[in-house]
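The structure appears right after this line, and notes come after that.
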Amino acid sequence: MVSIHRKVPASVFNLCLYDSYLVLDVRPAEHHAVARVPTSVCCGVFAPTLSGPHEEIEVEPAVLLQRLYQLIDEHTPEHFSPIVFVHDRTEASREMATLLATHLRTAILSFKQASTSGGAHSNSGESDTTTAASAHVVGFPERVRQCDELWLLDFDDFYAQFPRVCEQDVRPTPRCIAPRVYVSSRKVYAHTITDLGITDVITDAPFELHEEQGPYVAAATPHQGAGRGRQASASLSRPHHHAATFTAVYCQRLPGYHAPHGDEPPFALWTVAAAEMWTVVREGGCVLLHMPSHATALACAAAYLCLTGLTLADALGQVRTALRVTRMPLHESLPIMAWAQHELPTLVARLPGAANNALASHTPWTDPNTPWGTLTRPDRPASRATVKASTARSKSAAPLEDW
């Protein structure tokens, strides 16, 4: 099965495009030269079909596909799924991207069908439809058969959310989980701060800035919020590039933080991190949540999303989709459910504008061995079947398109 989806900007951003995905830009070459999705390939070869009247977009599928196959051969990516088609808001551009995706989908399905049947058809069973579909296979790059998703992206929407990223080919190392909220458990690059407009880096440990695209000029400046657990800010600049000032926020220094006892989950860390993220975004800032532990980053991000009114299942699904986490072990989801039941109501009460629907779609349940308290009604003891059902709900990945 090969599907075609229209995606929001964050979905494409979170592909980590530098890992070599195929992004085809059907906009005019002069527009691509000014601003583009990082690593995208200019499909200038399709420009003649976009310059004339609307009727001129009627091009033979075989001609389009041969041009497309040529581009794929010239820019062979490491990953063939998904393949992204970028267009602008003009009717011709949008329709061209849709046509290319539709024809490529037909070609992939035809190639798989021809491969399955050994490339031969019996005279008695061959139909005109099958013969026409088989014509798409001529010149087909065999590795493209791995593709099972084709994405459509409106460049204007992408540029509105990631303007600085579109001006140069940078490596978008963090993942975007919500507008103006990024998550990373890797290195923090100076270009990430400048190009994404990060104002606050929320972390639980000191970190170093790596200068992949340096040299940068860094200068420490005092910050009036130092009493809230902030260290001195750092100003970054590079000749002919954007300058930025960001503030590092250490969760251990924030009011309300305390270290967990024994095997307790770090509820206080999740709470202060989510509260700080909420405050920064409400004040118009842009957050990079940098946690060396992938599990901690996931939990803090989900805690923040719960404040926005998402259910816990949707929050976990959105974070897992962004971080490309295929499964979440029970020992990681249990503590987050406990946090949502015991800590979230108090946090929502003291944060203006925060909402709490985290457990709206959940049937509370518990593991009697958890040290942080019960999660179920007294008249409904936990069972293995209940645990499995709740875990399945927590694994449902809410699509990023929802926000």
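Please treat every number below as a calculation from the coordinates, not as lab data. Every value quoted in this text rests on a predicted model; they were computed, and no experiment measured them. Here the Cβ positions follow ideal geometry from the backbone for every residue, glycine too, while neighbour counts run over all protein chains shown.
Which peptide among 271-282, 252-263, 156-167 comes first, and what is the full order, when sorted by highest mean count of other Cβ atoms within 10 Å?
Ranked from most to least packed, the peptides come out as 271-282, 156-167, 252-263.
Suppose each label sits 7 Å from its Cα in the direction of the beta carbon; what would the residue 156-residue 31 distance come out to in nanometres?
Here the answer is 0.9 nm between the modelled labels.
So what's the net charge close to residue 199: Lys and Arg +1, Asp and Glu -1, counting the other residues with Cβ under 10 Å from its Cβ?
Summing Lys/Arg as +1 and Asp/Glu as -1 gives -1.
Over all distinct alpha-carbon pairs, what is the Kirkwood Rh of region 263-319 in angstrom?
11.6 Å
Let me know the whole percent of all Cα-Cα pairs from region 292-344 that are separated by more than 17 Å.
That tail contains 25 percent of the Cα-Cα pairs.
Let me check I've understood the local charge: for residue 277, count other residues with C-beta under 12 angstrom from its C-beta, Lys and Arg +1, Asp and Glu -1. What total comes out?
-1
May I ask for the net charge around residue 260, where only other residues with Cβ less than 13 Å from the Cβ of residue 260 are counted and Lys, Arg are +1 while Asp, Glu are -1?
Overall, the nearby charge balance is -4.
Over all distinct Cα pairs, what is the inverse of the mean 1/r for region 253-370, reported as the Kirkwood hydrodynamic radius in Å?
Taking the inverse mean of 1/r over all distinct Cα pairs, region 253-370 comes out at 14.6 Å.
Need one number: nm distance between label points at residue 20 and residue 73, each 7 Å from Cα along Cα→Cβ, rounded to one decimal.
According to this spin-label approximation, the distance is 1.9 nm.
Pop the C-beta distance of residue 259 and residue 324 into the FRET formula with R0 = 30 Å and round what comes out to the nearest 0.05.
Efficiency for this residue pair is about 0.45.
Given a Förster radius of 25 Å and the C-beta distance between residue 186 and residue 149 as r, what FRET efficiency does 1/(1 + (r/R0)^6) yield to the nearest 0.05?
Efficiency at R0 = 25 Å is approximately 0.50.
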